Amino acid sequence: MALIDYVKRFPRAIYPYYYTRSFVQGLRAMAVIHYHAWKRGEKPFDPNMIKNRERDLFKLWMEGRPPDYQVAIGEALALSVDHYVDIFCRMARDPDRLIWYEDVIPPEIIQAMDLIPFMVEGIPGMAPMVAPEEAHHFIDVAENAGYPADICSMPKVTLGMVLEGLLPPPRALICSNSPCDSGMSSYLPIQQEVDVPVFRVDFPWDVYEPRAKEYCLKEIERMILFLEEIAGHPLDMDRLRDVCEMRNRMQKATLELWELMKNKPSPMGGMLHPLSHTAYQVCPGTAMGVRIIEEVLKVAKANHREGRGLVPEEKYRAIMWGAFPVTAPDLYEWLENEYGMVTVMVMLTYDHHPLIDTSSEASMMRDLVEIMAKPPMARHTRGPVENFLGDLFRLYEDYQADLVIMGAHQSCKNMRAVLRILRESCRHRDIPLLILDHDVFDARVVSPEGIKRQVSDFMDTVMGAD
Amino acid sequence: MTPVVRESVDIASWAERLVANGEDRARKEGLRRIAYFCSYVPEEILSIPGLYAYRMHAPNTITTETADSYLGLFNCSYTRAMLETILERESDWMDGFVFTAGCDHLRRLYDNLLYAANPPFCRILGIPYKNHSDAREWYVEELSLLRDGLEEHFGLPVRDEELRGAIEACNENRRLLSSLNELRKRENPPISGEDMQRIVVASFSLPKSVVNPALADLIEQVEGTGLDQKFRSRVLLMGSQLDDPAYVRVIEETGALVVADGYCFGSLQYEQAVGSDSDPLTAISQRYLAKIPCPRMFDAYPGRYDRIVEVAREFGVQGIIIQTMKFCDCWGIEGNVFLNNLREEGFPVLRLEREYALGGVGQMKTRIQAFLESMGC
């Protein structure tokens, strides 16, 4: 029996167990980093960029949940901590293999080359959730350095951290033109700051066009050549096959989870569902990634078997479209507690792809490139507005949703420019729509309370909620 | 500062007459007018017999209430002004629209225009972000689709011979504009920056058959003349899309003569000719992807930077003004990188943020005057 199976018997021990576990992992990372830095005669890199506040998330998302859910949250977060500790330890031993990649670029190929993939926006992405004052500081750093206040706050937090030298220095950088101009353009100052070779992936505007497949494939082949030069060896296709097959396991579990979530009541929701999906961004095709998704699926299956929803009384089912307000990390939980509203699907989680056909190198590359060209959000913000709306309306029907919450991030020029089209399209289909104004990473623009007030006003006036 | 008085040619009147007469002549000849919004749309394809290309501009559009309800308030004021202008006009004001997927704002302008007005001819080109052989091939395919669309919709032949004719006319236009631009290297050039902007806007609003002879004639007239007014300094103006001569005038009224530019409704539009590849679409693709690119193009910053430095030195500028449209992510971010790098190179640089419609003139002049004083001018 694993330790966690004992812990589960004592619900009060779950949070301390995971807290302690991540604390110990943090100590391990510090020890390895300091040791190798001492050996090389260098100043050690400090992985404590957001002051250990990420452990606050355990408490936030576990509170009030049944033990199985708490364990699933704990596993998802703890495995993410494990992932970063693993990255930092590998990087400490071998700093010349660290590759920065932009968040919308799936890192399977980097992983398969035994390079160390580090998602640039990963740690900046946690800051608004656990240390908002830190996020604001990094935004101010970017703006004080002359970068416009109106660009997306996600690249601003990232740029701020890069300008302060807080992220581990890379050997090379992979970025793209996805999903938007802010993200794309921010990589020019980032590149100048870190001064390493860069490969930019050119995805066609409409990645759904049939011609786009061939173009993307050739771009990814160029990316592979670039990485091979960095790695000093060719891409091992057998290793890539292993990664893809593990990713397929994750995908099967995800598809099964999504099918379960179509049921009423939904056996899964809260932050756990979208959180688990970060596994696709940071550790796809790894045993860790598989475990994260399977833990979530376990909880969902158990609930469904017992005819139980995630919330005691499911009153509303919502689709969260657009940018989730990271500044209000308890939003899903609050919706459930306040209104019995379960978020059954999220744009940033909807990464719907067939399984990768690993029977040949050609089919494997073809399917992997499809996944790289159409990650969540990018598949909706690129191409004509039909790409933005198509998935939404189909999901609304499939998941028997009651309303749509559109996370209208103020600096997202792309998505804000189609709000009228969205509003009228929803009206035409009798779909209640809340346009939630916020800034994705900057709580000074709209506070978490302000976000919730918008929801409350909508639920009172439009949905007639009690 | 007294307004500029030209010895021989009043460029403002010249441009006004040319546009009025040119539009009148185009109407009488039954030419269809196709609007485009980005320098990556090849004018050549829109300049075949029966059509002419019109680079969209509407600097007098001050309010954008209707457009704001479609595009957000955080979308650039150029795209909002364009949408407002189009929606306000009669449906036959323009015969077609061609976009590029150049930036988020343009892409969504396309979506909103289709949604709000559903123009009979409205296309978008998916422009690559790179200039390798696959990118050029992709661009050729996009141009082929555009050509086919034009043929089908307007019933006009767009064969290679028509395209070669259009290439020749557009190349001639570029040559003439470049010749005129070269005159600005002189210590006392015959035209100001405001003049050049009027000439460029007229050039990209009319059939080349109208513009080219007028330009040739103008070059002859201004050759050997110089501006009456004395200026305190020579500057290069670069940055976001800029089509309003009044903006340049405000700068020049402070005593800073704009002798060179680096923006897409300026020299970036007319530098570099289309080559003589046997396939016209291939030749067009090569030119457009190889020309001095805008910040949306990948891995092109070093080339763009070197070009600005080279032009600044060739034109003897003492300072550089970077103007960026509010909410323009590409220029907003790259403008700051340019600022830092140019200053490191020893150039005095001023950064100005603006909206599409001219405003805040007093503040702008104060900042420019302070900038000139800081340069010791």
What is the log10 of I(q)/I(0) for the protein assembly as shown, computed with the Debye formula using one identical point scatterer on each Cα and no solvent, at q = 0.06, 0.08, 0.11 Å⁻¹? -0.42, -0.74, -1.30
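If you take the Cα Rg of segment B:174-272 and divide it by 2.2 N^0.38 Å, with N the number of residues, what do you get?
Values: Rg = 12.7 Å, N = 99, 2.2 N^0.38 = 12.6 Å.
For segment B:174-272, the normalised Cα radius of gyration comes out at 1.01.
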For A:176-187, mean number of other protein chain Cβ atoms within 10 Å: 5
Using only the Cα atoms of segment A:298-370, build the gyration tensor, take square roots of its eigenvalues as a ≥ b ≥ c, and label the shape rounded, prolate or oblate: rounded if a/c is under 1.5, else prolate if a/b is larger than b/c, else oblate. oblate
Calculated from backbone phi, Karplus (6.51, -1.76, 1.60) coupling profile of segment B:240-252 in Hz, x at Gly/Pro: 5, 3, 9, 10, 9, x, 4, 5, 5, 4, 4, 4, 6
Reachable aspartates and glutamates from B:Lys230, Cα under 19 Å, same-chain residues fewer than 8 places away excluded? B:Glu7, B:Asp10, B:Glu187, B:Glu194, B:Asp195, B:Glu252, B:Glu253, B:Glu373
Would you mind working out the magnitude of the charge dipole of segment B:228-314 relative to its Cα centre, with +1 at each Lys and Arg C-beta and -1 at each Asp and Glu C-beta, to the nearest 20 Debye? 220
Phi-derived 3J(HN,Hα) across segment B:79-86 with the Karplus relation (6.51, -1.76, 1.60, θ = phi - 60°), rounded Hz, x for Gly and Pro, is 5, 5, 5, 5, 5, 4, 4, 5
Grab the DSSP H runs of chain B that are 4 residues or longer, score each as -39,500 (n - 2.57), total them, divide by all residues and round the 222 nm result to the nearest 500 deg cm²/dmol. -16000 deg cm²/dmol
Starting from the Cα of B:Lys130, draw a straight line to each of the aspartates and glutamates and keep only those under 14 Å, dropping any in the same chain fewer than 8 residues away. A:Asp202, A:Glu219, B:Asp299
Do any trypsin sites (Lys or Arg not before Pro) in segment A:1-83 lie in a loop, going by DSSP, with at most 11 other beta-carbon atoms within 10 Å of their beta carbon, and if so which? A:Arg9, A:Lys51
Charges at C-beta only: +1 for Lys and Arg, -1 for Asp and Glu. How large is the resulting dipole of the protein assembly as shown about its Cα centre, in Debye rounded to 20? 1220
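Label segment A:241-349 by shape, choosing from rounded, prolate and oblate, from the square roots a ≥ b ≥ c of the eigenvalues of the Cα gyration tensor; if a/c is under 1.5 it is rounded, and otherwise prolate applies when a/b is larger than b/c, oblate when it is not.
oblate
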In terms of Cα to Cα distance under 18 Å, which lysines are near enough to A:Lys413, apart from those fewer than 8 places away along the same chain? A:Lys156, B:Lys326
Sequence-distant residues sharing a close amide H with A:Met268 (under 5 Å, placed H): A:Leu310
Just want the answer: with Cβ charges of +1 for Lys and Arg and -1 for Asp and Glu, which residue in A:Ile190, A:Val157, A:Ala127 is farthest toward the dipole's positive end in segment A:72-212? A:Ile190
Yeah, segment B:122-173 with a ≥ b ≥ c from its alpha-carbon gyration tensor (a/c under 1.5 is rounded, else prolate when a/b outruns b/c, oblate otherwise) is oblate
Sort out for me the Cα centre separation of segment A:272-333 from segment A:32-100, rounded to whole Å. 21
Could you size up the charge dipole of segment B:127-286 around its Cα centre, putting +1 on the beta carbon of Lys and Arg and -1 on that of Asp and Glu, and report it in debye to the nearest 20? 720
Which of A:Leu173, B:Ile127, B:Ser233 sits farthest toward the positive end of the charge dipole of the protein assembly as shown, with +1 on the Cβ of Lys and Arg and -1 on the Cβ of Asp and Glu? A:Leu173
Signed unit charges on C-beta, dipole axis of the protein assembly as shown, positive-most listed residue B:Ile321, A:Pro375, B:Cys38: A:Pro375
Output ³J(HN,Hα) for segment B:360-377: one whole-Hz value per residue in order, computed from phi by the Karplus curve 6.51 cos²θ - 1.76 cosθ + 1.60 with θ = phi - 60°, and x for Gly and Pro. x, 5, x, 5, 4, 5, 4, 5, 5, 4, 4, 4, 5, 5, 5, 8, x, 9
Going by amide H atoms built from the backbone, whose H comes under 5 Å of the H on B:Leu352, apart from near neighbours? B:Ile322, B:Gln323, B:Thr324
Stokes-Einstein D for segment A:49-153 (25 °C, 0.890 mPa s, Kirkwood Rh from Cα pairs), in µm²/s, comes to 155
Per-residue Cβ counts within 10 Å, from other chains only, averaged over B:105-113: what number is that? 5
Give me the percent of Cα-Cα pairs in segment A:1-104 that sit more than 24 Å apart, rounded to a whole number. 34
Of B:His105, B:His153, B:His57, which is the most mobile in a GNM of chain B whose springs link Cα atoms less than 10 angstrom apart? B:His153
What does the average come to when, for each residue of peptide B:334-345, you count the partner chain Cβ atoms lying within 10 Å of its Cβ? 2
For A:Leu403, distant residues with modelled amide H under 5 Å away: A:Arg317, A:Ile319
Over chain B: Rg over Rh, Cα atoms, Kirkwood Rh: 0.94
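No lab work stands behind these numbers, since they all come straight from the coordinates. Computed from a predicted model, the values in this text were never measured in an experiment. A quick note on method: Cβ atoms are made from the backbone with ideal geometry, for glycine too, and the neighbour counts reach across all protein chains shown.
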